[in-house]
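As structure tokens, the structure follows; a few thoughts come after it.
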Amino acid sequence: MTAETITAAAAGSWTLGDLVVNRIGFGAMRLTQNGAAFAAGASPSDRGRAISVLRRAVELGVNHIDTAAFYFSPLRSANELINQALAPYPDDLVIATKVGPGRDPSGKWLPHATPEQLRGQVEENLRQLGRDHLDVVNLRIVGTDSIAERFGALAELREAGLIRHLGLSNIRPHHLAEAQAIAPVVCVQNMYGLGASPEQEAFLRACGEQGVAFVPFYSIAGTGREAGATATTDTSQVQAIARAHGVSAAQIRLAWTLHRGPHVLAIPGTGNPDHLTQNVAAGTLRLSEAELTALGGLQRETA
């Protein structure tokens, strides 16, 4: 497949509720500033370049964009960049956002939202994106406490028509069961990548068995998280397989993630147009059983 014919559709598709998305999507977290996401003192991204990356992503067949109102830096907001770049939105474009965390105007993190505060967060996403409803809203949490009240508040907004579908982020298996007793859950966003623990692998499989999309974050960055991949991220196995395919180690990591099941959706983020093309092209890679076995045997990365 040549650069001219690369398309996100090559990775296959999945249905979030009644919304069909290509399995290679786009994460907006890195659009707003240069350097590590949320880093103090980092310079704002180039607005024109960020907008061109978003438009190019859609040209390449990406129809699933992950964002949040708390993805912002001085002078830049991921939601407003998406609005400026893509509105009026294509009919098949699915924008998924997250609520729960919040940041004040200086960027300082606030306590996670109460059930009563979640409506305000939903309305802020609607305002920034210029929408009258949100396609998918993920409740992002920290900890193991009950999510019933918070998820119930979002379920009420779904009934009111402000939200089409609900998901969860950074959760444990018991949270999924708790939420499903309240309203349908179409996706789970959790940290996952090469070297995942047996517990993470089991949860990924369980989501597939229940028809719930599993959407890994940091699947390329690994232990680098918001700062991106580190110099020690890629093992000799990853590098050797990348050389054999003539691609980058990051592309191998993405391809491996997509091989974990048809319900696994990738949302790699970048502000670099060349990296965007490489990420989409990773959906065309087909790894052999021997390569998958070698990659699957990597030891768990340190969290």
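Taking Rh as the Kirkwood radius computed over C-alpha pairs, what is the Stokes-Einstein D of the range 86-165 at 4 °C in a medium of viscosity 1.567 mPa s, expressed in µm² per second?
Working: Rh = 13.4 Å.
This corresponds to a translational diffusion coefficient of 97 µm²/s.
Kindly state, to the nearest 0.05, the FRET efficiency for residue 75 paired with residue 5, given R0 = 30 Å and r defined as their beta-carbon distance. Can you show the working numbers first?
Details: r = 36 Å, r/R0 = 1.21.
Once rounded, the FRET efficiency stands at 0.25.
Can you tally the net charge around residue 117? Count Lys and Arg as +1, Asp and Glu as -1, for every other residue whose Cβ sits under 12 Å from the Cβ of residue 117. Numbers along the way, then the final one.
Details: positive: 119, 150; negative: 116, 123, 124, 149.
That works out to -2.
Per residue of the range 23-39, in order, report the coupling 6.51 cos²θ - 1.76 cosθ + 1.60 (Karplus, θ = phi - 60°) as ³J(HN,Hα) in whole Hz, putting x for Gly and Pro.
6, 9, x, 9, x, 8, 4, 8, 6, 8, 8, 7, x, 5, 4, 6, 6
For the chain, what does -39500 (n - 2.57) per DSSP helix run (n ≥ 4), summed and divided by total residues, give at 222 nm, in deg cm²/dmol to the nearest 500? Intermediate results must be reported in sequence, preceding the final value.
Values: 10 runs with 106 residues, N = 303.
Helix contribution divided over all residues of the chain: -10500 deg cm²/dmol.
What are the ³J(HN,Hα) values, in whole Hz, obtained from phi via the Karplus relation 6.51 cos²θ - 1.76 cosθ + 1.60 with θ = phi - 60°, for each residue of the range 131-137 in sequence order, with x given for Gly and Pro?
Listing the rounded values in order: 10, 9, 7, 10, 5, 9, 10 Hz.
Would you please give the FRET efficiency between residue 92 and residue 127, computed as 1/(1 + (r/R0)^6) with r the Cβ-Cβ distance and R0 = 22 Å, to the nearest 0.05? Spell out each step's value before the answer.
On the way: r = 23 Å, r/R0 = 1.05.
The value I calculate is 0.40.
Need the full-extension length gain, residue 52 to residue 292, defined as separation in residues times 0.36 nm minus the C-alpha distance. One decimal, nm.
Details: separation 240, 0.36 × 240 = 86.40 nm, distance 3.45 nm.
83.0 nm is the gain from fully extending residue 52 to residue 292.
Please compute the modelled spin-label separation between residue 206 and residue 103, points set 7 Å along Cα→Cβ, answer in nm with one decimal.
3.2 nm
To two decimal places, what compactness ratio does the range 249-292 give when its Cα radius of gyration is scaled by 2.2 N^0.38 Å?
Values: Rg = 10.6 Å, N = 44, 2.2 N^0.38 = 9.3 Å.
It is 1.15.
Can you give the FRET efficiency for residue 36 and residue 259, using 1/(1 + (r/R0)^6), R0 = 30 Å, r = Cβ-Cβ distance, to the nearest 0.05? Walk me through the numbers before you get to the answer.
Values: r = 28 Å, r/R0 = 0.95.
Calculated value: 0.60.
Suppose the chain between residue 84 and residue 43 were pulled fully straight at 0.36 nm per residue; how much longer would it get relative to their current alpha carbon spacing? Intermediate results must be reported in sequence, preceding the final value.
Values: separation 41, 0.36 × 41 = 14.76 nm, distance 2.03 nm.
The residue 84-residue 43 span can extend by a further 12.7 nm.
Expected output is a single nm value to one decimal: the length gained when fully extending between residue 199 and residue 159, i.e. 0.36 nm times separation in residues minus the C-alpha distance. What is it? Write down the numbers at each step before the final one.
On the way: separation 40, 0.36 × 40 = 14.40 nm, distance 3.33 nm.
Once the chain is fully extended between residue 199 and residue 159, it gains 11.1 nm.
Let a ≥ b ≥ c be the square roots of the eigenvalues of the Cα gyration tensor of the range 20-173; is it rounded (a/c under 1.5), or, if not, prolate (a/b larger than b/c) or oblate? Please list the in-between numbers first.
Details: a/c = 1.79, a/b = 1.23, b/c = 1.45.
Judged from the Cα gyration tensor, the range 20-173 comes out oblate (a/c at least 1.5, b/c at or above a/b).
If packing is taken as the mean number of other Cβ atoms within 10 Å per residue, what is the order of 65-77, 120-132, 22-34, highest first? Write down the numbers at each step before the final one.
Working: 65-77: 21.8, 120-132: 17.5, 22-34: 24.3.
The most tightly packed comes first, giving 22-34, 65-77, 120-132.
Suppose we look only past 29 Å in the calculated P(r) of the chain. What percent of the Cα-Cα pairs does that tail hold? Mind showing how you got there, number by number?
Numbers: 14141 of 45753 pairs.
So the portion of pairs separated by more than 29 Å is 31 percent.
Under unit Cβ charges (Lys, Arg +1; Asp, Glu -1), what dipole magnitude, rounded to 20 debye, does the range 3-296 have relative to its Cα centre? Could you put the intermediate results ahead of the total?
On the way: 24 positive and 27 negative charges, 117 e Å.
That gives a dipole near 560 debye.
The numbers here are math on the coordinates, done by the rules we state, and not lab data. Here the structure is a predicted model, which is why all the values come from computation and not from measurement. Here the Cβ is made from the backbone with ideal geometry for all residues, glycine too, and neighbour counts use every protein chain on show.
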